1. Counting only protein heavy atoms, what percent of the accessible surface of region 79-220 is carbon or sulfur at a 1.4 Å probe?
2. Could you sort 35-43, 104-112 so that the peptide with the highest average Cβ count within 10 Å comes first and the rest follow in order?
3. Which FRET efficiency, nearest 0.05, do Arg212 and Ala47 yield, Cβ-Cβ r, R0 41 Å?
4. Per-residue ellipticity at 222 nm for the chain, helices alone: DSSP H runs ≥ 4 residues times -39500 (n - 2.57), over residue total, nearest 500 deg cm²/dmol?
5. Amide H neighbours of Gly167 under 5 Å, counting only residues 5+ apart in sequence or on other chains, H built in-plane at 1.01 Å?
6. Whole angstrom only: what separates the Cα centroid of region 1-60 from the Cα centroid of region 159-220?
7. With +1 on the Cβ of every Lys and Arg and -1 on the Cβ of every Asp and Glu, and nothing else charged, how large is the dipole of region 1-93 about its Cα centre, in debye rounded to the nearest 20?
8. I'd like to check one number: the per residue accessible area of region 2-219, probe 1.4 Å, reported in Å² as a whole number.
Amino acid sequence: MSYLGIDLGTSGLRALLVDDEGRPLGAAERHYAVANPASGWSEQDPADWIAAFRGAVADLRAAHPQFASLRGIGVAGHMHGATVLDAADRVLRPCILWNDTRSHVQAAALDADPRFRALTGNIVFPGFTAPKLAWMAAHEPELFARAARVLLPAAYLNLWLTGEHVGDLSDASGTSWLDTGARDWSDDLLAATGMTRAQMPRLVEGSGAAGRLRADLAAE
């Protein structure tokens, strides 16, 4: 049996194929660009992540016959990014990345609300997800009104793989919406940024299953 590990990084995607004892069989990677349309802005097209995944997997399939015995895929990625989707799971705008600082005003305002540090156990930094959505509400209200789901980058890749809206608790802890004591989304913190639980992914432990591979991808 073999297993595939995916690291969805800021500058590229890395794929590692291992056997059932964790011994590396092969690795592949693809790179993509970061857009900086304004000072302090850092964005990425989620379509580039999918293309990178397809390319890296194609390399591994071509070079390693053990890929045919694939039994599981693990996905990790850069935290805090806001991948905003409409009701049909279409991407509404480029993903605002973790190193984007445009929401510093909104982050300061949220951090001044004592509930955020009390429930999340963390400062609200401009790179976190919640202030990004607060920035959208102020500067892109039409897009904000169409936001049906907000996923972090790894969760978006898992959506493409499985069709499921699922995030892990570690990623969720970097959004400023997670009640870390309850290990669940905080309705109060979501409401403070004009969001609801319905716009969040289902949460699982980092070692938990996000879903099963879509039938067309499994056949492929």
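The values are calculated or read from the model by the stated rules, or taken from the named source; none is laboratory data. All values derive from a computational prediction rather than experimental measurement. Virtual Cβ from ideal backbone geometry, glycine too; neighbours counted across all protein chains shown. All accessible areas refer to the heavy atoms of the entire protein, side chains included, with ligands and DNA or RNA removed. Shrake-Rupley method; radii C 1.70, N 1.55, O 1.52, S 1.80 Å.
1. On the way: 3380 of 6270 Å².
Carbon and sulfur atoms account for 54 percent of the accessible area of region 79-220.
2. Values: 35-43: 13.2, 104-112: 17.2.
Those peptides, ordered most packed to least, come out 104-112, 35-43.
3. 0.95
4. -9500 deg cm²/dmol
5. It is Arg202, Leu203, Val204, by chain and number.
6. The distance from the Cα centre of region 1-60 to that of region 159-220 comes to 20 Å.
7. 100
8. On the way: 9930 Å² over 218 residues.
That works out to 46 Å² for each residue.
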